[in-house]
Every structure is written in C-alpha cells, then in structure tokens.
Amino acid sequence: MKNLLKLSALAAALIASATYASAQITFNSGAGSSGSMSNGNLEFLGYNSSSGTIYPGSLTYTVSGTGVTSPATSTTVAIGTGMGSQVGAWGGPIGTSTWVSFDNSQPGSGIVPADGDYVYETTINTSGLSGALSGSLNILADDTVSVFLNGTIVGDEDETATPVGADGHCSAGLPSCAGSTGTLVTLTGLVSGVNTLYFVVEQTGLDAEGVDFSGSINGTVSTVPTPEPSTLLMLGTGLIGSAGALFRRMRK
C-alpha cells in the first residue's frame, strides 16, 4: 500500500509539472517551414474575368485568354521583383517569403495577364496548438489583393482613393506592391484544425501580376518535462515493490 501511495504521488507530481508553452506556426507564399507546423503548398486555382471582392468559392474559374497555360489548381511559380530595366519594381519579398504567380509574370517579363481576379489558396493546420489562437500576415500584391480566411474576408483591397491600376504600376491603395513589409492583415476567425486562406489578386493595369505574403499564428502547447534519473529510479523501485506486494497477497 505504501508503494502504491508513492506511485500515486509521483503521477500527481508529473501531471502537476505539466506546463503550457507558447508556440507559433509560420507560413508564407513560398510555403516556408516552421518545423512540422507550416502551410501547405500555395496553389493557383484559376482566373475570373469579373474583378471585385467576391468570395472565391462563388467564382467560375477559366484559363482561356489569360496567358494561363496550366489547368486550374496547379502549383505556383516563384518569381523575382522584376527583370531587365524593371529589376526591383516590386517591394519585398517579405522575410523568407517569395513573390509568386501562375507563371513568370514579374515586371519586365513581357507577360501581360488579362484583367480580372487571380485566385490562390493555401491551408494551415493548427491542430498542434491549443488555447486562444491569434495570427496576422503581411502582404504585397500587384495590382492589389483581398484575403479570405475560412470563407470570411479579413483583408479587403482599398480602391477608394485611386482606382486600381491608375498609376500604371500597381494599386495606389493598399495592399499594393510597394514597400518592404507590405500591408498588415489580422487573421480573425482562426479555428483548431485546417484553416483555408484565399488570396484574390485583382489585375486591372494590364501589367505584371503576383502576390507575396508572410505570417504567423500563435497559440500554446502542453509540455510535460522529462523525469530526472532519480525520479525514474523511484518509479522503478515503486513498481517493483508494488509487484512484490501484489504477488505476496496473491499467494496468501
């Protein structure tokens, strides 16, 4: 009985010593990694000729007349910030992210995607985190972009000051392609499990097209420290003693 009490006390001590440490998932347009917790590949879903902030699930994707040579739902292409005389025409990339598009449609490439919406998608699995989830991302786009999280818009393009594409480069409103850190978007509505992000890049300037983003999601993880050798010895001794006591009781 004494040994059993020791074991119970040891188990209670181990449980009590469990702590909650802060943890973070990082993600970006280059499908960057943060250990086993990261986003899936960023995919190009397709094109819709009707520009505007529309939930991507309601779009009818086509590939004709856009310069798109691959079918919808394909991997994206990493591109630079410009070519030739247009080197550095875009800001960023942000952190370890990469500008991406459905093809090499960076400034100076000569590729001119048709006007309309170009839709990209990635998923982030937060099942490794617990507690309240919070997150944000910084984003650049040409001409501009709207961000949807789990079906709800969390970052809308600003077209109120200057029409998209009016500057002949990228949107004068935000998000745009200017700057090194992009526009901050808060990710409200995160859930435990798979979260889906849509990026609806609006193209109206008959020029280059692409998107670049980097973000993180914060939560907690439960950690139980590894027992010290002396603790393991106590556990082993208690188990042996308990086994002996049970064996003697069975013989009686």
Alpha carbon centre of segment 142-156 versus segment 184-198: separation in Å? 11
If I model a spin label as a point 7 Å beyond the Cα along the Cα-Cβ vector, how far apart are those points for Ser130 and Val194 in nm? 2.4
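All of the numbers you see were taken from the coordinates with simple rules; none came from a lab. Just so it is clear, the model here is predicted, and its values are computed rather than measured. Note that we place each Cβ from the backbone using ideal geometry, even for glycine, and neighbour counts take in every protein chain shown.
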